[in-house]
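First comes the structure, then the notes that go with it.
The values are calculated or read from the model by the stated rules, or taken from the named source; none is laboratory data. Computed from a predicted structure; not experimentally measured. No Cβ is skipped: glycine too gets one built from the backbone with ideal geometry, and neighbour counts run over all protein chains shown. All accessible areas refer to the heavy atoms of the entire protein, side chains included, with ligands and DNA or RNA removed. Shrake-Rupley method; radii C 1.70, N 1.55, O 1.52, S 1.80 Å.
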Amino acid sequence: MNASVIQIRDLVKTYDMGATQVHALRGLSLDIDVNEYVAIMGPSGSGKSTLLNILGCLDVSSSGQYELNGQQVSEMDDDALAHIRNREIGFVFQTFNLLPRSDALDNVELPLVYSSVPPSERRDRAVNALESVGLADRMHHRPNELSGGQRQRVAIARALVNDPAIILADEPTGALDTRTGKEIMELFRQLHAQGNTIILVTHEEEIACYSHRIVRFRDGVVERDEPVSPERRT
Amino acid sequence: MNLRETAALSIVGLTSHKLRTLLTMLGIIFGVAAVIAMLSIGEGAKQESLEQIRQMGISNIIVQHWDKSEDGLEDAINSDRNLSQGLSREDAEAIQRIFPLAEYVTPQREFKSKALAGSNTFNTMVVGTTPEYLTVLNARMSSGVFFSAEDVTETRRVCVLGSDAKRALFFFKDPIGQRVKIRSQWFTVIGVLEDKGAAGGKIGGVLEVRNTDEDIYVPLTTVLRRFQFANDEAELTQITVKVTDSESLSEAATIVRAIMNRRHRGVEDFKIAIPEELLRQSQKTQQIFNVVMGCIAGISLLVGGIGIMNIMLASVLERTREIGIRRALGARRKDILSQFLVESLMVSLLGGTIGVILGYAIPEVITLYAGWRTIVQPWTIALAFGVSAAVGIGFGIYPARQAALLSPIDALRYE
Ligand SMILES: Nc1ncnc2c1ncn2[C@@H]1O[C@H](COP(=O)(O)OP(=O)(O)O)[C@@H](O)[C@H]1O
Ligand SMILES: [Mg+2]
């Protein structure tokens, strides 16, 4: 039996919109083990991004428990959350979220800047991360000088550079064409093979089939949770 | 992220918006330049009047002949003439006799004249006086001697040169024993005074002070005997009273005034001035000047600070996504706070630096064109930097806090 890295119990997220309340998560529970590769699917507005943001410590839940590696995240202060974002989780966004005025290398170095890695070491690690996503020849290009797929590779290199155990990706192929999307998914496959835990949000069945387990959401709760049989896997 | 990196980061931020950065700094630049320039003008004026006053002697009372025709009071003159003959040696003797606190009483007869030595001429003030004047003036000899009591009683034609007069007439030659011609009379130079380095002017709007380094001193008796003056001119132009107890200068002045009034039958053909009082007066004026200028400079620094705050708030809004990205990658609140705070600090310190340079240049230009003395004091520069830093932090803290308090997800979602 594998140990759980992520344990979620009765997670609720309610957005207070003044007159109305939006219930994005309605008491959601989920366990994810070390080195699992999970795809989260579901219709638009079912709370996938909301969950991923909470898992990534970008947002906090309204109630419920979130345990990460045995630590209660729900009780942490802002600095501790920043530390988790920095060291334990790599986040990949649909829209890349790169700093437009910095080149690829500087973008990838950014997490190291906030973890007191000495500048010389930073450079080496950022170069390695960019090489591992196949962008050794684009180090000094700015985001607007890169294609969508290349930008997402930079973003993945950035998510990897601090060696986090968990990679979260919210529709990482959503802004890319099918072929480029597949290249990106190959990268995730490698990462999983290297021992990372991967949680990926997507609405494309094809993409979800890269994973080993599909969790389907509906209206803020888990509707279905099933493994992907080896025959179906891409 | 350490401070050096934060600073490097904000330099990148600032240089990517050069014009905006410059405009943001303008308020600080002018505020700081104004502070330094004002203070240096004030200090220059203060030093100047201090020197002028010191040159008159801080424990002196000065009785000056008051030529009313200069002040446009022609009518008063003729009637006064019948009652009083103006300042005289008897006045000086009377003060010396009656007034116990007088240490020295020196009569002076001054007149403008051209002085000649060889082929050099110099427009000078000839001062006929007594040997005590050297002490009263607080002056020292740079060479030779001052004339003696015997020179006065013998009405000898000897003279002592002020340093500027010496330089104009003899350059670097030794003038002792040389002869100087004043209005067809020849005088032998027996001494030269040390440079006092003061410029002329009018203190407190009352007392004329000239550059005494340009004077030539001769025995009073010689002046009165050798030179022809108009009949209606007073015998003396000034009586200087050095008081033993400098604590009671104003009481002493009252007594001197009483003595003079009695002797002149109430005619006000003299003015009494106390340099020490003028000093205090000018210090008071100085203070008022400083307060007014301080307020003006303070207001422009305030405006500068508001300018910084405005731009920083706009910059926080504009860079909300960047803040979100940094926070998502592990930046703590205090990292974001220091990033924006250091940025506003850099703007204000850079503005302060340019302001200091400008604040240095403005007084130079003023000195060049208006001839005012200006002195930039080192502490005003320290003050300017201190104030700039305070403005940068004071007005930068609010926008920086706004940036730091954003939640990562809100910042990332910001459009
Ligand atoms: N910041 C927000 N404020 C208000 N409502 C929100 C906010 N973010 C998400 N929601 C709502 O929460 C629900 C779940 O959203 P989300 O998690 O983004 O769905 P998805 O599964 O499409 O990623 C939606 O109804 C959405 O409108
Ligand atoms: Mg979504």
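Arranged from highest to lowest average of other beta-carbon atoms within 10 Å per residue, in what order do the peptides B:356-364, A:190-198 appear? Walk me through the numbers on the way to the answer.
Numbers: B:356-364: 17.9, A:190-198: 16.3.
Those peptides, ordered most packed to least, come out B:356-364, A:190-198.
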Which FRET efficiency value, to the nearest 0.05, do you get for residue A:140 and residue B:3 by plugging their Cβ-Cβ distance into 1/(1 + (r/R0)^6) with R0 = 30 Å? 0.70
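Rounded to the nearest 500, what is the 222 nm mean residue ellipticity of the protein assembly as shown from helices alone, with -39500 (n - 2.57) per DSSP H run of 4+ residues and division by all residues? Write down the numbers at each step before the final one.
Working: 21 runs with 311 residues, N = 649.
Rounded to the nearest 500, it is -15500 deg cm²/dmol.
For chain B, what does the relative contact order come out to in percent, with C-alpha contacts under 8 Å and a separation of six or more? Intermediate values should be presented prior to the final figure.
On the way: 733 pairs, mean separation 124.3, N = 415.
With pairs under 8 Å counted, the relative contact order is 30 percent.
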Helix A:78-87 against the longest principal axis of chain A: what's the angle in degrees, Cα atoms only, rounded to the nearest 10? 60 degrees
Could you sort the residues of region B:325-367 by number and keep only those whose accessible area is reduced by 40 Å² or more in the all-protein-chain setting relative to the chain alone, 1.4 Å probe? B:325, B:326, B:328, B:329, B:330, B:332
Contour minus end-to-end for residue B:310 and residue B:143, with contour as 0.36 nm per residue of separation and end-to-end as the Cα-Cα distance? 53.5 nm
Give me the one-decimal nm value for the distance between modelled label points at residue B:299 and residue A:182, 7 Å along each residue's Cα-to-Cβ direction. 7.3 nm
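Structure shown: which of B:114/B:173; B:112/B:181; B:18/B:334; B:166/B:196 lie over 24 Å apart, alpha-carbon to alpha-carbon? Intermediate values should be presented prior to the final figure.
Numbers: B:114/B:173 20 Å; B:112/B:181 13 Å; B:18/B:334 26 Å; B:166/B:196 13 Å.
Checking Cα-Cα distances, B:18/B:334 exceed 24 Å.
What is the interface area between chains B and A, defined as buried accessible area summed over both chains with a 1.4 Å probe, reported in Å² to the nearest 100?
On the way: alone 20820 and 11170 Å², together 29990 Å².
Between B and A, the summed buried area is about 2000 Å².
Rolling a 1.4 angstrom probe over the protein heavy atoms, how many square angstrom per residue are accessible across chain A?
Per residue, chain A has an accessible area of 43 Å².
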Tell me which lysines have Cα within less than 20 Å of residue B:284's Cα, excluding those fewer than 8 residues away on the same chain? B:46, B:202
Just the number, please: carbon plus sulfur as a percent of the accessible area of region B:67-268, 1.4 Å probe, no ligands or DNA/RNA counted. 45 percent
Order the peptides A:27-36, A:53-62, B:317-326 from the highest to the lowest mean number of other Cβ atoms within 10 Å of their residues. A:53-62, B:317-326, A:27-36
Once the Cα atoms of helix A:119-132 and of chain A are each reduced to a long axis, what angle between those two axes, in degrees from 0 to 90 to the nearest 10, is obtained? 80 degrees
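Determine the per residue accessible area of region B:67-268 with all protein chains present and a 1.4 angstrom probe, expressed in square angstrom.
50 Å²
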Two pseudo-spin positions, 7 Å from Cα along C-beta at residue B:224 and at residue A:69, lie apart in nanometres by 10.6 nm
Compute the whole-percent fraction of alpha carbon pairs in chain B spaced more than 41 Å apart. 41 percent
Tensor-based shape of region B:67-268 (alpha-carbon gyration tensor, a/c under 1.5 rounded, otherwise prolate or oblate): prolate
Return the average number of partner chain Cβ atoms within 10 angstrom of each residue Cβ along peptide A:112-120. 3
Residues residue A:14 and residue B:19, FRET efficiency given R0 of 60 Å [Cβ-Cβ distance, rounded to 0.05]: 0.85
What are the DSSP H helices in chain B that stretch 27 Å or more along their long axis, judged by alpha-carbon atoms, and whose average Kyte-Doolittle hydropathy comes to at least 0.5? B:18-56, B:275-318, B:333-370, B:378-405
Pick from A:201, A:22, A:215: which residue has the top mean-square fluctuation in a GNM of chain A where Cα pairs under 10 Å get a spring? A:22
Tell me the label-point distance for the pair residue B:291, residue B:188, using the 7 Å Cα-to-Cβ offset, in nm and rounded to one decimal. 6.0 nm
Quick one: compute the contact order of region B:67-268, relative version, from alpha carbon pairs under 8 angstrom and 6+ residues apart, as a percent. 31 percent
